[in-house]
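Rule-based calculations on the coordinates, nothing more; no lab input. None of the values given here were measured: they were computed from a predicted structure. All Cβ positions, even for glycine, are placed from backbone atoms using ideal geometry, and neighbour counts span all protein chains on display.
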Amino acid sequence: MNATLTSVVVAMAIALPNLCFALEASSSDTVKVINNPGQVVITQNDEGVMLKVNGNETDTAYCYEYRVTPRSKWRLNTMQLEGSEVEFRHPFSKCDSINKKTHFIVFMSDVYFGWGGHSVDVPDRNVVKKSMSEIGVLNFIALGYQFNKSRYRVSFGMGFNWHRYGLKTPYFWLRDNDGTLGYAEMTEPFDKHYSTLVVRSMQFPLMFNQELGKHCNVAIGGILNWNCYASFVNSYSIDKSDYNVSTRGLNQRKISFDGIAMLSWGGLGAYFRYAPQSVFKTGYGPEMKNRWTIGLIIRGFNWK
């Protein structure tokens, strides 16, 4: 009799927490109904249980998350919501969640390459090419703040940029002892001509991004550039002998400011960039200014 009574007490002790949990869950309202989900993933750790639904019959990119956090060893509070969090996520993906609070994200985005032009003052306009090209990563790493209800995001990041400028044939870049950039005409007969100037920069963009529907995004912002390095390369051939001359230590403008605007569909888009300031300090090189570029851009990477 005592053994039977002990067994009943132990069974009730084991079943009581589960019964309480079931009664609480049954008395609560329905949180979400998803018809024909593509994939359901349930994970559990010390912080609780996470339910994630990826895709449904109408939208394969659909995402829904629900987290249940433990309140005690035996009992789960099904209605306790997580607070603001820092996460790695595609910077422009959407996720429908019960968490309506704004939150921070860390991301990498905006790999681009483009072509453009600039204005050159007299007498350099007949020597310096008015065309230019650039390649870079706008946000090698960035911190964003997401406003969920308005689909609006502000972010500040750090990236890299390379600008390339050329000279017309038969001119080549030259550098004086004080770091002044100039050019000279090749008087000897030569077989090939290549002369390019490259300015490398670290850039710090402050961007404002707005979602327009499920796939379209528009962004606008300003960029602070630290133009940390500039060099040129001259390559030519005389009497079947190849020559390559390169140098650095130029007096480029160290700090400059640009404006940029982007329009994208999904992960691909186009951009326009404008830089009003000259490349070099006054008196230390050709007055190349009012630079503009247009090009293609890859908007983001998934870091979940």
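Before moving on, here are some points about what is shown:
- In plain terms, the residue of Glu211, Glu185 with the fewest other Cβ atoms within 10 Å comes first and the most crowded comes last, giving Glu185, Glu211.
- The loop-placed chymotrypsin sites (Phe, Trp or Tyr not before Pro) in segment 212-304, going by DSSP, that have at most 16 neighbouring Cβ atoms within 10 Å of their Cβ come out as Phe301, Trp303.
- Relative contact order of segment 105-300, taken over Cα pairs closer than 8 Å and 6 or more residues apart, is 23 percent.
- Over 31 Å apart at the Cα level, from the set Lys240/Lys289; Lys240/Lys281; Lys192/Lys254; Lys129/Lys214; Lys129/Lys281, are Lys240/Lys289; Lys240/Lys281; Lys192/Lys254; Lys129/Lys214.
- Phi angles across segment 283-294 convert, under the Karplus curve 6.51 cos²θ - 1.76 cosθ + 1.60 with θ = phi - 60°, into 3J(HN,Hα) values of x, 10, x, x, 7, 8, 8, 6, 7, 9, 9, 10 Hz, Gly and Pro given as x.
- Dipole of segment 105-300, positive end: most advanced residue of Ser131, Thr196, Leu224 [Cβ charges, Cα centre]: Leu224
- At an R0 of 25 angstrom, the distance between the Cβ atoms of Gln277 and Thr247 translates into a FRET efficiency of 0.60.
- The phi-based Karplus calculation (6.51 cos²θ - 1.76 cosθ + 1.60; θ = phi - 60°) puts the 3J(HN,Hα) values of segment 106-118 at 10, 8, 10, 7, 6, 8, 9, 8, x, 10, x, x, 7 Hz, whole numbers, x for Gly and Pro.
- Placed amide H near Glu287: partners under 5 Å, 5+ positions off or other chain: Asp121
- Residue order, fewest to most beta carbons within 10 Å, for Asp121, Asp239: Asp239, Asp121
- Checking every one of the trypsin sites (Lys or Arg not before Pro) in segment 106-206 against DSSP loop status and a limit of 15 other Cβ atoms within 10 Å picks out Lys149, Arg151, Lys168, Lys192.
- Distance-filtered residues of segment 203-244 - backbone nitrogen under 17 Å, label point 7 angstrom along Phe156 Cα→Cβ: 203-209, 221-226
- Karplus (6.51, -1.76, 1.60) ³J(HN,Hα), θ = phi - 60°, over segment 216-230, in Hz, Gly and Pro reported as x: 8, 9, 10, 9, 8, x, x, 10, 9, 10, 10, 7, 8, 7, 9
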